[in-house]
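First comes the structure, then the notes that go with it.
The values are calculated or read from the model by the stated rules, or taken from the named source; none is laboratory data. Quick caveat, the model's predicted, so the values are computed rather than measured. All Cβ positions, glycine included, derive from the backbone under ideal geometry; neighbour counts span all protein chains shown. Calculation scope for accessible area: heavy atoms of the full protein, side chains included, ligands and nucleic acids excluded. Shrake-Rupley method; radii C 1.70, N 1.55, O 1.52, S 1.80 Å.
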Amino acid sequence: MMPQWTIHTVIRQAWRSFASRIGFAAIAVCLIAMVSATCGYLEAGARQNALDEETQLTAAGQYVYRAQARDENGSGLIPAALCQKLNNVQGVKSAMGIGAYQTATVRKAPGEHITYVPVTGNPTPILDASQPLMQATTIGDSDESTNETIGDIIMDAALANRLGITDGTRLQITVGDQPQQLGEIVRVHTLDAQTRGFADSQLIWSQNAPIGMVGECVAEVTPGVDEHTARELIATGLDDGSGTIISISTLLERDPNTRSPLERFRTRNTRWLWAASGMVCWALLFIPLLFRRHEFALLRSVGAGSNPTALTFAVANMLPLLAGHIAGCGWMILVSLWIHRNPLTEPWLAAAFIGASLLTSIMLLMVGCTILARGSITRFIHNRL
């Protein structure tokens, strides 16, 4: 009885089989790279388009909601403290309460009609999606150099630029008839409030303590939270038990029949392309193996068992699979750079796609080689003759 082949023998024979068909292997590598790169690029493109559209809509305020409640005199009915507490609710990214609008005069631009808007909570990430939570000084903070009371106001960058005001500038402003409530000296923080439509008028925002009532509470939920859940979070957070009817609307008008980019991405047709890529790459190598079954019989006739025989041919064909997928990953990245002029947003996901295709083709190759290796030696040789 002939001894079974060792793993060392299997690897050596697999390398010999691969080297004897180096021309075929080179062609297989090119074809595999082309298939995996094409499928990977289509999937990466679908993902990139969805991410870009989602980013644009998020920046425009698709997850921002406005809760309003006023009496017949226009006074706010939403407790400012409850709006402030929304910032601590899981699923809410940030929230700000908007008080009564007042007229204001900037001493540097006395002829300009400025509207002063007192706000509570975290206004900066709502007014401008690119801004983090403003680390402003506490309302009524004191400047150690002058012992003056310093307040903080937020101004749209376009308005500030037109008035010749830069970020960090200290201004003297007059609010209504009682400017002493906030002090005359304020520090300016500029941001881009145009994208979300908060700069339609000449507004300045002042971050105040959460005291009293506000007429509007603007909240931005975490991206991905659906509209029904968002409305429930906001309504529950603002419920003070008084029975006040609060109207909640979206900042951006939505077509109820239009799915969001994330929903379209979850149901995209390209999500199974990794499996299709793996099957095509496997077929490119396995179909030629069907015409080499006499070689399976030859190895078994010289003492190799069915498992070592299957492993020998599987390993020999794994090398083109591995090289082809690595080349395909590189081609996919280069094509993306060449077409979009920008690298992929999440390159590790593209690499994971290529890896899934590779593992699929290897698994199918192992199964196919095992089936071929367990066939009849006599029948293989007879068919060859």
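Among the residues of the range 238-284, the ones that are over 27 Å from the mean Cα position of the chain (by Cα) and part of a helix (DSSP H, G or I) come to 7 in all.
Exactly one residue out of L334, L322, L298 is outside the structural domain of F198 (by the TED database), at pLDDT 80 or above, closer than 24 Å to V367 by Cα and part of a helix (DSSP H, G or I): that is L322.
Name the one entry in T250, T258, T229, T244 that is over 30 Å from L364 (Cα atoms), β-branched (V, I, T) and open to solvent by 70 Å² or more (accessible area, probe 1.4 Å).
Numbers: T250 fails: open to solvent by 70 Å² or more (accessible area, probe 1.4 Å); T229 fails: open to solvent by 70 Å² or more (accessible area, probe 1.4 Å); T244 fails: open to solvent by 70 Å² or more (accessible area, probe 1.4 Å).
Being over 30 Å from L364 (Cα atoms), β-branched (V, I, T) and open to solvent by 70 Å² or more (accessible area, probe 1.4 Å) holds for just one of T250, T258, T229, T244, which is T258.
For the range 207-218, the tally of residues that are at pLDDT below 90 and assigned to a strand (DSSP E or B) stands at 1. Taking the numbered list (1) touching a strand residue (DSSP E or B) at 6+ places or on another chain (Cβ under 9 Å); (2) not assigned by the TED database to the domain that holds T236 in turn, A37 passes all entries but (1). Within the range 68-81, if we keep just the residues that are touching a residue at least 24 places away in the same chain (Cβ under 8 Å) and either not assigned by the TED database to the domain that holds T244 or not aliphatic (A, V, I, L, M) (or both), the residue that is most open to solvent (accessible area, probe 1.4 Å) turns out to be R70.
Of note, F291 satisfies the criterion of being aromatic (F, W, Y), under 26 Å from Q13 (Cβ atoms) and surrounded by fewer than 17 Cβ atoms within 10 Å (Cβ to Cβ).
Of A327, A352, A310, all but one fail to be of a type in the set (A, V, I, L, M, F, W, C), over 21 Å from A275 (Cβ atoms) and either part of a helix (DSSP H, G or I) or open to solvent by 20 Å² or more (accessible area, probe 1.4 Å) (or both); the exception is A310. Comparison of L42, L31 shows that the only residue that is outside the structural domain of V221 (by the TED database), under 16 Å from E346 (Cα atoms) and part of a helix (DSSP H, G or I) is L42. Would you say A60 is farther than 30 Å from W348 by Cβ and open to solvent by 20 Å² or more (accessible area, probe 1.4 Å)? In short, no. Tell me yes or no: at least one residue of the range 6-13 is within 25 Å of G278 (Cα to Cα) and of a type in the set (S, T, Y). Taking every residue of the range 6-13 in turn, none turns out to be within 25 Å of G278 (Cα to Cα) and of a type in the set (S, T, Y). Residues that are under 20 Å from D152 (Cα atoms) and assigned to a helix (DSSP H, G or I) occur at least once in the range 66-80.
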